[in-house]
Structures are given as structure tokens and as C-alpha cells.
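Below is one structure, written out as C-alpha cells; the observations come after it.
Every number in this text was worked out from the coordinates using simple rules, so none of it is lab data. Since the model is a prediction, treat every value here as computed from it, not as a measurement. All Cβ positions, glycine included, derive from the backbone under ideal geometry; neighbour counts span all protein chains shown.
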Amino acid sequence: MKILLNNITIMERIRQDNGDLQALMNGIRDHGLMNPITVMENDGHYVLIAGFRRMSAVQVLGETEIEATVLSPVDAEELLRLEIEENENRKEFTDSEKVAYAKKLRVIEETKSRKRMGGHNKSEDDSSMDKNP
């Protein structure tokens with residue numbers, strides 16, 4: 001699915017050094033985006049889960065939208081946990097990277113909570129308030 005770049009929120013990144021984008025930009029220019037970015041839907045917008053370098057390269061190339069895989073909050077949480085596990089096996093996270101992970105996880109949990117709360121019947125909530133003095 002194509003998503004407008006302006007509709008994607010980028011949270012604090014876990015990995016801080018993205019390296020040189022030139023080779024990636026050349027590949028996207030020559031062959032197109034081979035691997036879509038991954039986002040989570042959040043109140044009509046999207047939160048980037050994976051693909052910051054790809055997204056950055058596409059922006060530098062002047063594109064306004066990008067191909068993306070949209071995950072539910074539950075899937076996004078699992079993907080984030082897998083990303084952390086994979087990266088921990090390569091190199092220990094810095095304290096700031098651990099904080100970034102916690103922030104990303106909090107957004108996922110808040111989104112899951114809002115979706116659960118959306119299933120409540122407002123009239124039931126209002127009537128229970130009337131019963132308590």
C-alpha cells in the first residue's frame with residue numbers, strides 16, 4: 001500500500017547511525033523500492049516501525065509517497081521485540097537506544113489500549129458513573 005510520507009511519524013530511533021544513503025538511493029532510483037517500509041496505523045496516521053533509511057532515501061529522491069506494509073499494534077509489538085532481539089545479538093544497545101525502544105513500545109501499548117477502549121459502550125460507562133456518589 002502506498003502512503004504519503006507526510007502521514008508517517010518517526011519516533012526516536014533506536015539505532016542512531018544510519019550510514020551512507022547514496023548506494024541505497026542509487027538502487028531505489030535504478031530498480032525501485034524492493035522492500036517496503038513497515039508502519040503501524042495510529043489514529044489515521046502511521047508510526048514508522050522499520051525502514052527509516054529507505055524512507056530517508058526516498059525523501060531525498062523527491063518522492064512524496066512510499067510503499068509500506070501496515071501492521072496492527074499487536075503485530076507491531078512483536079516486530080519491535082524481534083528487532084530488539086536481533087540487534088542485541090549483534091551489538092549491545094546503548095542506554096539511549098534502550099530508552100528509544102521503551103518509547104516505541106509505549107506508543108504500541110497506548111494504541112492497543114485505545115483500540116480496546118473503543119469497544120466499550122459509552123452508555124454503560126455513563127450509567128455506572130450515575131450509580132457512584
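Quick notes on this one:
- The distance between label points at Arg81 and Ser96 comes to 2.8 nm (points 7 Å beyond Cα on the Cα→Cβ vector).
- For region 32-45, 3J(HN,Hα) per residue [Karplus equation, 6.51 cos²θ - 1.76 cosθ + 1.60, θ = phi - 60°, Hz, x = Gly/Pro]: x, 6, 7, 10, x, 6, 10, 10, 10, 6, 8, 6, x, 10
- Highest to lowest packing among 22-28, 112-118, scored as the average C-beta count within 10 Å: 22-28, 112-118
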